[in-house]
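Below is one structure, written out as structure tokens; comments come after it.
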Amino acid sequence: MPEKYTRKKLTEVEDSAPRFGFSETQEARFASADLELENTGISHHRVKPGRRQAFAHRHENAEEVYVVVAGSGRVKIDDEVVDIEVLDAIRVAPGAVRQFEAGDEGIEYIAVGARHEGDGETIPGWWSD
């Protein structure tokens, strides 16, 4: 029988950014396995001050909600750029491309959504000025 709950500090989840060569711009901690989640995805992200995530991404099936927990910045969703700050929650529909950019103090946010294994596509070089 599964446990009634699982507790994990998100900052103790492995940062996957260094493994992919992205530690210059961000931290990315995907906690679904650590929390023993079956149907939900959750991750903790930090984008360094004045930097943009290394790539954009989209999902075919997953709707995601991003909640800013520290700092501020912008998010580009398809063709629209939106300013965001602490406690802003942004829902992004399946199919929409998204990428985050940090302001002067950086940005930290939590992403939550239904988990669909293999349902992510990365898009390098998508947001260029």
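The values are calculated or read from the model by the stated rules, or taken from the named source; none is laboratory data. Since the structure is predicted, the reported quantities are computational estimates derived from the model, not experimental observations. Virtual Cβ from ideal backbone geometry, glycine too; neighbours counted across all protein chains shown. These accessible areas exclude ligands, DNA and RNA; they are computed on the full protein's heavy atoms, side chains included. Shrake-Rupley method; radii C 1.70, N 1.55, O 1.52, S 1.80 Å.
Computed quantities for the displayed model
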{"read-out": "Along each principal axis, Cα extent of the chain, largest first, Å", "value": "52, 29, 29"}
{"read-out": "Sequence-separation-based contact order of the chain, relative, with Cα cut under 8 Å and 6+ spacing, percent", "value": "29"}
{"read-out": "Most to least accessible of Lys4, Lys76 (protein chains only, probe 1.4 Å)", "value": "Lys4, Lys76"}
{"read-out": "By average C-beta atoms within 10 angstrom, highest first, the peptides 24-31, 10-17", "value": "24-31, 10-17"}
{"read-out": "Note, ³J(HN,Hα) from phi for segment 27-32, Karplus 6.51, -1.76, 1.60, rounded to Hz, x at Gly and Pro", "value": "10, 9, 10, 9, 9, 4"}
{"read-out": "Accessible area per residue in Å² at 1.4 Å probe, computed on the chain", "value": "61"}
{"read-out": "Sulfur and carbon atoms: percent of accessible area, the chain [1.4 Å]", "value": "47"}
{"read-out": "Cβ charges +1 (Lys, Arg) and -1 (Asp, Glu), total dipole of the chain, debye", "value": "260"}
{"read-out": "Note, ³J(HN,Hα) from phi for segment 8-21, Karplus 6.51, -1.76, 1.60, rounded to Hz, x at Gly and Pro", "value": "8, 6, 4, 6, 9, 6, 4, 7, 7, 4, x, 4, 9, x"}
